[in-house]
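Worksheet: one structure, shown below.
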Amino acid sequence: MSAMMGARLDLAPFLLSPSPSPPSSALRLRPSTPSSAAARTRSVAPRAAAAATAVSAKPAAAAPLSADRSVVRLGLPSKGRMAELTLSLLKSCQLSVRQLNPRQYTADIPQVPNLEVWFQRPTDIVRKLCSGDLDLGIVGYDIISEYAQGNDDLVIIHDALDFGHCRLSLAVPKEGIFDSIDTLEDLLNMPQWTEERPMRVVTGFGYVGAKFLKEKGFKHVSFLAGDGALESYPAMGMADAIVDLVSSGTTLRENNLKEIEGGVILESQATLVASKKSLNRREGVLEISHEMLERLEAHLTASGKIMVTANMRGNSAEEVAERVLSQTSLCGLQGPTISPVYCTLDGNVAVDYYAINVVVPQKSLYKSIQQLRSIGGSGVLVSKLTYIFDEETPRWRKLLSELGM
C-alpha cells in the first residue's frame, strides 16, 4: 500500500466560496500537520505528487507552436496493458510502430511519413498535449478528464477505441454507518458530515472527484490524495470513501466496499486526442489525424463481423433477395449482395444459382447459417473481415466542425 500523502485537500472553500474563479484554482492543499512548515514541502512519491499537482494547479496553458519543429508527434502509453493494447490496435490498422531500440522513447510508423512516436506515461501525454510538445495522443478518457482539467485546446478525435474499459466510481464500506447507504442521495443526506467533520475521500482523481461532488450538492468534503491500494484506507480509518477506477468491482467487494447508485463519475476507455492548435496550425497534423481516424474506424467497424457467402437456387435475383430478407439475421449492412452464378447447361450459358454475400455479427454466425439453409442456401463460406470503409465518418465531420472548418 502506498503511504498516504502528508497533505489534505480541503473541499469546503471550493464548494462554499462565491468567488467566480475556476474550480481548479479554488481547491486548497492543506497540510495534515499544520504545526510543521517542513511538512508542506517534504518529498512524496512521484506519482502521488503528480496527483496532488493535478488537483491543485490550474490547467497548463497551451504554449505557442515551436517554430523549429516540422515533424508531427504522437504520444503513446509507454508501459503496461494499455501500451500493449495500443500497439496491437495500431498494428491491426496497418500502422505498426517500429522501435529500433526498446530502451529509447522514440519510434516511428513507416506507413505514415513525418510522424514521430513518443512513448510516455499517460499523464505526461495529456500534459504535453496541453503544452504543445505533442500533437496527438492515445490515452484513457479518465486521464484526459483529470489532467487536462477542461483545457479547451484538447479535442477528442475518436472517443471509443474499444479497449481500456473502466469507470471512475465512488465507493463506501458495506457496513457500519454505511450499512443502509445505497445511493448517492443517501450519502449526501448523512448527518455525520459537518464543517468540523467532513466526509474524507481518498483518490488519485481529485479534480474530477471534487467537481462531481460539488455538482451533486456535497458541502462538507475533504480530499486525501493517494495512489495505490486505496481500498485499504476506509478499513484503516483514514478515509470514509474512495474514488477510484473500477473494472469488474471484484477488488472492491473483496475489501468490503460497495459502489452506490449514482456514484459513477465517468465511463472511460482509450481515446485518440489532439491539440486544436496543432490541428489548425502545424502542417501535416490534420492529414495524419484523418488517416488514423479512417483506419481506426474501418477496423473497429469490422471487428466482430464476418462475411457469409452461399449459393441458392432461384428464378431471379429479386426472388432470392426476397427470401433472404425474410430472415432477420441476413440483412447485412445495407442489405445482401446477390449476383448470378453462371454455368453451362446443354451447351448454353445459363443461370441456375445465385451467390449471396451478407455481413453478419460473428456471435450470430450459427443462427445465420441455419436461416440460410432454411431458405435453400448451400456451399456456405465464412470469411473474417479486417476493414469496413464506409462513407465519410461522422467523427471526422464533427472534428472539422469543432475546428471551424
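For the list (1) in contact with an Asp or Glu (Cβ under 8 Å, 6 or more places away or on another chain); (2) modelled with pLDDT of 95 or more, I need the number of the one condition that Val273 fails.
If we test Val273 against (1) in contact with an Asp or Glu (Cβ under 8 Å, 6 or more places away or on another chain); (2) modelled with pLDDT of 95 or more, just (1) comes out false.
Determine whether the range 113-120 contains at least one residue that is touching a Leu at 6+ places or on another chain (Cβ under 6 Å) and free of Cβ contacts under 8 Å to residues at least 60 places away in the same chain.
Looking through the range 113-120, at least one residue is touching a Leu at 6+ places or on another chain (Cβ under 6 Å) and free of Cβ contacts under 8 Å to residues at least 60 places away in the same chain.
Does the range 250-268 contain any residue that is outside any loop (DSSP other than H, G, I, E, B), open to solvent by 10 Å² or more (accessible area, probe 1.4 Å), over 22 Å from Thr183 (Cα atoms) and at pLDDT 95 or above?
No, the range 250-268 has no match at all.
Over 19 Å from Leu266 (Cβ atoms) and either in contact with a Cys (Cβ under 7 Å, 6 or more places away or on another chain) or open to solvent by 20 Å² or more (accessible area, probe 1.4 Å) (or both): is that true of Ser96 in this structure? Even if it seems obvious, please write down each step before you answer.
Details: over 19 Å from Leu266 (Cβ atoms): yes; either in contact with a Cys (Cβ under 7 Å, 6 or more places away or on another chain) or open to solvent by 20 Å² or more (accessible area, probe 1.4 Å) (or both): yes.
When the stated conditions are applied, Ser96 passes them.
Which of (1) touching a strand residue (DSSP E or B) at 6+ places or on another chain (Cβ under 7 Å); (2) not in a strand (DSSP E or B) is the odd one out, the single condition Val360 does not satisfy?
The failed condition is (2).
Which of the residues spanning the range 353-376 are of a type in the set (Phe, Trp, Tyr) and surrounded by 15 or more Cβ atoms within 10 Å (Cβ to Cβ)? Walk me through it before giving the result.
First, the residues of the range 353-376 that are of a type in the set (Phe, Trp, Tyr): 353-354, 366.
Those that are of a type in the set (Phe, Trp, Tyr) and surrounded by 15 or more Cβ atoms within 10 Å (Cβ to Cβ): Tyr353, Tyr354.
Among the residues of the range 175-194 satisfying the criterion of being assigned to a loop (DSSP other than H, G, I, E, B) and among the aliphatic types (A, V, I, L, M), which is nearest to the chain's Cα centre (by Cα)? Give the steps one after another, and end with the answer.
First pass over the range 175-194, keeping only residues assigned to a loop (DSSP other than H, G, I, E, B): 175, 179-182, 189-194.
Okay, now just the ones that are also among the aliphatic types (A, V, I, L, M), so 181, 190.
Working: Ile181: 30, Met190: 33 Å.
Only one residue fits best here, namely Ile181.
Name the single residue that is farthest from Arg167 (Cα to Cα) among those in the range 204-260 being more than 23 Å from the chain's Cα centre (by Cα) and among the basic types (Lys, Arg).
In this case the residue turns out to be Lys219.
Those residues that are in a strand (DSSP E or B), open to solvent by less than 10 Å² (accessible area, probe 1.4 Å) and closer than 16 Å to Asp244 by Cα, I need them from the range 119-174; list them, please. First the steps, then the outcome.
Residues of the range 119-174 that are in a strand (DSSP E or B), as a first pass: 119-120, 136-140, 154-158, 166-173.
Next, from what is left, pick out any that are open to solvent by less than 10 Å² (accessible area, probe 1.4 Å): 136-140, 155, 157-158, 168-172.
Hits for the range 119-174 are Gly140, Leu168, Ser169, Leu170, Ala171, Val172.
Here is a list of conditions, (1) among the β-branched types (Val, Ile, Thr); (2) in contact (Cβ under 8 Å) with a residue 40 or more places away in the chain; (3) out of contact with any Pro (no Cβ under 8 Å at 6 or more places or on another chain), and Thr251 meets all of them except one; can you say which number that is?
All conditions pass for Thr251, except number (2).
For the range 327-352, what are the residues that are surrounded by 12 or more Cβ atoms within 10 Å (Cβ to Cβ) and in a loop (DSSP other than H, G, I, E, B)?
Gln327, Ser329, Leu330, Cys331, Gly332, Leu333, Gly335, Pro336
Is it the case, given these coordinates, that Thr309 is at pLDDT 90 or above, out of contact with any helix residue (DSSP H, G or I) (no Cβ under 8 Å at 6 or more places or on another chain) and hydroxyl-bearing (Ser, Thr, Tyr)? Show your work before the answer.
Details: at pLDDT 90 or above: yes; out of contact with any helix residue (DSSP H, G or I) (no Cβ under 8 Å at 6 or more places or on another chain): yes; hydroxyl-bearing (Ser, Thr, Tyr): yes.
Taking the combined requirement at face value, the residue satisfies it.
Just to verify a result, which residue in the range 184-237, among those that are free of Cβ contacts under 8 Å to residues at least 12 places away in the same chain and closer than 21 Å to Asn255 by Cβ, is most open to solvent (accessible area, probe 1.4 Å)? Write out each step before concluding.
Start the filter on the range 184-237 by keeping residues that are free of Cβ contacts under 8 Å to residues at least 12 places away in the same chain, which leaves 189, 191, 196, 215, 236-237.
Checking the rest, the ones that are also closer than 21 Å to Asn255 by Cβ come to 236-237.
Details: Met236: 112, Gly237: 42 Å².
Only one residue fits best here, namely Met236.
Starting from residues that are in a loop (DSSP other than H, G, I, E, B) and surrounded by 15 or more Cβ atoms within 10 Å (Cβ to Cβ), keep the ones in the range 377-405 and report whichever is farthest from the chain's Cα centre (by Cα).
First, pick out the residues of the range 377-405 that are in a loop (DSSP other than H, G, I, E, B): 385-393, 403-405.
Then drop every residue that is not surrounded by 15 or more Cβ atoms within 10 Å (Cβ to Cβ), which leaves 385, 387-388, 393.
On the way: Leu385: 24, Tyr387: 21, Ile388: 22, Thr393: 19 Å.
Taking the candidates together, the pick is Leu385.
Has the range 295-305 got any residue that is in contact (Cβ under 8 Å) with a residue 60 or more places away in the chain, open to solvent by 10 Å² or more (accessible area, probe 1.4 Å), over 20 Å from the mean Cα position of the chain (by Cα) and closer than 30 Å to Lys363 by Cα?
Within the range 295-305 (the criterion being in contact (Cβ under 8 Å) with a residue 60 or more places away in the chain, open to solvent by 10 Å² or more (accessible area, probe 1.4 Å), over 20 Å from the mean Cα position of the chain (by Cα) and closer than 30 Å to Lys363 by Cα), the answer is yes, since at least one residue qualifies.
Restricting to the range 80-93, count the residues that are within 14 Å of Thr386 (Cα to Cα) and either part of a loop (DSSP other than H, G, I, E, B) or open to solvent by 40 Å² or more (accessible area, probe 1.4 Å) (or both). Please lay out each step first, then the result.
Filtering the range 80-93 down to residues within 14 Å of Thr386 (Cα to Cα) leaves 88-93.
Of the ones still in play, those that are also either part of a loop (DSSP other than H, G, I, E, B) or open to solvent by 40 Å² or more (accessible area, probe 1.4 Å) (or both) are 88, 91-93.
Residues that pass the stated criteria total 4.
The values are calculated or read from the model by the stated rules, or taken from the named source; none is laboratory data. Note that the structure is a prediction, hence the values are computed from the model and not measured. Ideal geometry is used to build each Cβ from the backbone, glycine not excepted, and the neighbour counts take in all protein chains shown. Accessible surface areas use protein heavy atoms only, side chains included; no ligands, DNA or RNA. Shrake-Rupley method; radii C 1.70, N 1.55, O 1.52, S 1.80 Å.
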